[in-house]
Amino acid sequence: MFVAGQVVWNARQEIVSDDFVSQVEQAFQNIVEILAEAEARSEDLVRLTWYITDKREYLERSTEVGQVYRRVIGVHSPR
C-alpha cells in the first residue's frame, strides 16, 4: 500500500494548529489511521518522506518531534 500527501488536518478537514509539533503529530495520526483501514500497523511502514518548510524549527524541536513519533508511531523506524 502506498500512502501519500498527508496533511495536518483532522477528520473534519480542519487544520489542527499553527504549532509545528502539533502538526507533525496530526500527520502521524493520519498515517496510523490510514494504515489501520488497510489492517496494517506502523511496523509495516517502509519509508517516510517529509517535506518541511522550516528546517531550523525542525532541528530546534527535533526532541519534541521524536517524542511525538514514539508516542504515535512507536519505536519502529522505517529504513
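The values are calculated or read from the model by the stated rules, or taken from the named source; none is laboratory data. Everything numeric in this text was worked out from a predicted model, so none of it was measured. Please note: Cβ atoms are built from the backbone with ideal geometry, for glycine as well, and neighbour counts cover all protein chains shown.
See the values below:
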| quantity | calculated |
| --- | --- |
| Residues (surrounded by fewer than 17 Cβ atoms within 10 Å (Cβ to Cβ) and touching a residue at least 24 places away in the same chain (Cβ under 8 Å)) located in segment 1-20 | MET1, VAL3, GLN6 |
| Residues that are of a type in the set (D, E, K, R) and modelled with pLDDT of 95 or more, drawn from segment 13-24 | ASP19 |
| Any pair with Cβ under 8 angstrom, 6 or more apart, that starts in segment 68-79 at a residue that is surrounded by 12 or more Cβ atoms within 10 Å (Cβ to Cβ) and ends at one that is acidic (Asp, Glu) | VAL68/GLU25; VAL72/GLU25; GLY74/GLU43; HIS76/GLU43 |
| Residue within segment 34-51 that is at pLDDT 95 or above, acidic (Asp, Glu) and either touching a helix residue (DSSP H, G or I) at 6+ places or on another chain (Cβ under 7 Å) or surrounded by 11 or more Cβ atoms within 10 Å (Cβ to Cβ) (or both) present | no |
